[in-house]
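Just below is one structure, and these are the notes that go with it.
Every number here is computed from the coordinates shown, using simple stated rules; none is lab data. As the structure is a computational prediction, the values presented were derived from the model and not from experiment. Because the Cβ atoms are built from the backbone with ideal geometry, glycine has one as well, and the counts that use them run over all protein chains shown.
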Amino acid sequence: MKILIKDIQLIDNKTWKIFGISERKITSIQAYFNDSREYVHPEQKINIPFEQDTDTDTFTATISVADIAKYSMADQETDWKFKVNTDYPYTNLCTDGPITNKPFQSDSSLFRYQFEFPLGILTLISKPLEVSTHLENFSMDEQSVSGEISIKPSLTDKLFEARLLLKRRPTAQFYLFHEQQQVFNLGAVMNNRITFSIPLKDISSQFLVDDSNVLDAIIEIVPVDMEKGIPTYLSISSEVKPTVSQNRKVGAPLLAILHAYVTGSNRLSFLFKKNRQGIATLTQLSDTGEEFKFQLKPESDIKFSQSQIVAKRRDKKDKLFEYNIEQTWPIKKGLNKYSASISKKDFLAGPVNKADTTWDFYLRSEDLPDLPIMVPDMVDLSPLEYFDIANDQFKAKITKNGLRNLSCYTIKTPTNSESVTKIAIMGTDFSYSAFNSRPFFNPDYEEFFECSIIQSHSSIISMMTEPAKDIDLTNYPDIVEQRRPIIAEDLKKEFFANLEASNPDYFLIDLYPDVVRPVMWLNDKTAITLSYVVEQSQLLNDLSYEKIVDHVDNEAFFHEWTKYADQFISKLTEIIPPNRVILNSGGFTTSYYAKNRAILEYKGKMEIERNNYFWNRLNNYFMSKIPEATVIDFSKKPYIGDFNHPFGQSPSHFESTYYKDFLKELIYITQK
């Protein structure tokens, strides 16, 4: 039985009164929508107060303009619908004929509102104002970066404030995504203009992740009584454009260069580059046979204190690298030079090495960033040879890298092998599809392996929290039977008990769930993986939760994830020896074989590459905490997707050769 709307009235620009008729009892009315960016989010809901007169079968609901503004999406249109009594499938407020209402926007709002009736369903459209910001003048000096910005359309004075957001791209080509950000409050908007002056010394050192970092300038316009505003890139006119390209040095402790430039889309961005080359110089390196002796010299105006030499291991991060593992040695201060000795026996000792890996040397000193050690032409490293390290498991050679800085290259020494067969798996199709007996995969895998347990599509964060209670999956027939265990095992949190009981010889893991799937915190003790199975079920909207940690902000996700990854690894290695852990580095493909075997690219290539970049970061952190583990890395091999994949074509599903070679690699690892 439909519940019909008969009239809509705007009261004092603060509320809408909805008048309707209903022959059934109403217990609740909720405004709701689903945000589908990145993934399908649980419904955003607002309880709508109402009054019902059962004698006349009429009701009146009151919708707050402020509540709708507070919860609407700031950067795209929000379509609010209104459900009655929350039973599924929903009964929405509807109309049996046209209802006159005018678009509305208050002087203090950034949204324009309009009620519409697609298929007769009452829908409140909240559309953000099309705000644009334009750089009218710009300057940089040794102390600050300054400018004046105009805003369109016209805004009422003192009712809006502006913020300047500097957002760092993960890599220069990922212009749609950002990681670190810094917010500068610019004050109230007056005469549709704002000015800014940002001290260079106040720019965060957190932006200096790589040697060169792109920072996009974004202006956010915010009503004074709201926390959420509308973001807009800062565009540049042709008149101002010639004044933008400028460089300024930023001194200690940042030791960087800030370069302002205009992007190809005529927007303001900055290149924030480390400026640390040549501050620490190698003056002598000698090999005594048992140890290396270093002599270093700083720039004349730089003073080192409590100094160390640091060797940092490069770990792949898309086309770049990052450091997660390091080893340090003390430096002794002389009259006008610094010296250090490194024993070959202790050099890169312990489970920190990987085959074909570069380590970079830095000088670390109090109150300064780590400084690369430059190797001048007068210091000849060519006579140095490979030497044994890590109990003869690896060989190392000290050399000068392409940036003329001190590095070391390591290679693996062949080791003896031994046979193993029983394997536990935590991950996704990237890993456990290799243990599928279909012809496309590996029909003979059981001759080599027994899968003791498979924990499918569970986040590490979820596995380290308490079990979820009072969730009855039998109430959800939209979850097919073969997929129900994915959710059930994630809710029960029995992974470690099952792992220990299964007594595997090896443990295989891929981090796909943590790369792309959100984590839903039901309360402060329990989190669940918002897997694709949950997302496709009504369960998504029925779950009561406190917060969701997702990949809209990968940097925030990474910081939360590392805490639980530490706990996970600690508990894992109580059950599985670290050298029996195998990390499948995974990674999505950007292309596939079509039905006619032509090679085509997937849509959304930048998003796929951004996910691979983040996957690299999670892999690197995981391996930094369990360096004894073995890595299967197929990122340099030419595997792509396949139209004929038994589970469908996607960036996660590869050609048949991938799974066959993956099994071969596992056999090599476990039987060597």
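Counting only residues at least eight positions apart within a chain, or on another chain, the aspartates and glutamates with an alpha carbon under 12 Å from that of Lys595 are Asp642.
Highest mean first, how do 50-58, 544-552, 508-516 rank when packing is the count of other Cβ atoms within 10 Å averaged over residues?
Descending mean neighbour count gives 508-516, 544-552, 50-58.
Just from its helices, what would the mean residue ellipticity at 222 nm be for the chain, if runs of 4 or more DSSP H residues each count -39500 (n - 2.57) and the sum is divided by every residue, rounded to the nearest 500 deg cm²/dmol? Intermediate values should be presented prior to the final figure.
Values: 12 runs with 108 residues, N = 672.
That comes out to -4500 deg cm²/dmol.
Using alpha-carbon pairs under 8 Å, 6+ residues apart, how would you state the relative contact order of the chain in percent? Rounded, it is 8 percent for the chain.
Could you list, in their original order, any pairs among Lys422/Lys563; Lys274/Lys354; Lys273/Lys303; Lys2/Lys102; Lys312/Lys397 whose Cα atoms are separated by more than 18 Å? List each step's numbers first, then the result.
Details: Lys422/Lys563 30 Å; Lys274/Lys354 27 Å; Lys273/Lys303 22 Å; Lys2/Lys102 25 Å; Lys312/Lys397 14 Å.
Listed pairs above 18 Å: Lys422/Lys563; Lys274/Lys354; Lys273/Lys303; Lys2/Lys102.
If you place +1 on the Cβ of every Lys and Arg and -1 on the Cβ of every Asp and Glu, how big does the dipole about the Cα centre of the chain come out, in debye to the nearest 20? Please report the intermediate quantities before stating the final value.
Numbers: 76 positive and 91 negative charges, 376 e Å.
My answer is approximately 1800 debye.
Say the dipole of segment 132-274 comes from +1 at the beta carbon of Lys and Arg and -1 at that of Asp and Glu; which of Thr156, Val262, Gln181 then lies farthest toward its positive end? Result: Val262.
Within the same chain, aspartates and glutamates fewer than 8 places from Lys345 are excluded, and of the rest, those with a Cα less than 16 Å from its Cα are Asp287, Glu290, Glu291, Glu385, Asp388, Asp392.
In this model, which of Lys493/Lys571; Lys625/Lys664; Lys395/Lys637 are farther than 18 Å apart at the alpha-carbon?
Values: Lys493/Lys571 13 Å; Lys625/Lys664 27 Å; Lys395/Lys637 25 Å.
Lys625/Lys664; Lys395/Lys637, as the Cα separations exceed 18 Å there.
The computed percent of Cα pairs over 48 Å apart for the structure shown corresponds, within (1) 55; (2) 29; (3) 14, to (2). Net charge in the neighbourhood of Glu51 (other residues with Cβ under 14 Å of its Cβ; Lys, Arg +1, Asp, Glu -1) is -1. Taking the Cβ of Lys333 as the centre, find all other residues whose Cβ is under 14 Å away and add up their charges (Lys, Arg: +1; Asp, Glu: -1). Its environment carries a net charge of +4. Relative contact order, whole percent, for segment 3-127 stands at 26, derived from Cα pairs under 8 Å and 6 or more residues apart. Counting only residues at least eight positions apart within a chain, or on another chain, the aspartates and glutamates with an alpha carbon under 12 Å from that of Lys547 are Asp524. Note on the chain: dipole from Cβ charges, positive end direction compared against Ser459, Gly350, Thr95; the farthest Cα belongs to Gly350.
Tell me the net charge near Ile68. Cut-off is 13 Å between Cβ atoms, Ile68 excluded, with +1 for each Lys or Arg and -1 for each Asp or Glu. Write down the numbers at each step before the final one.
Details: positive: Lys14, Lys45, Lys70, Lys81, Arg112, Lys127, Lys228; negative: Asp67, Glu77, Asp79.
Summing Lys/Arg as +1 and Asp/Glu as -1 gives +4.
Among the listed pairs Lys6/Lys127; Lys167/Lys332; Lys316/Lys603; Lys603/Lys672, which are separated by more than 29 Å between their Cα atoms? Going by Cα-Cα distance, Lys167/Lys332; Lys603/Lys672 fall outside the 29 Å limit.
Considering only His645, Ala565, Ser132, the residue lying farthest towards the positive end of the dipole of the chain is Ser132, judged by Cα position with unit charges set on Cβ.
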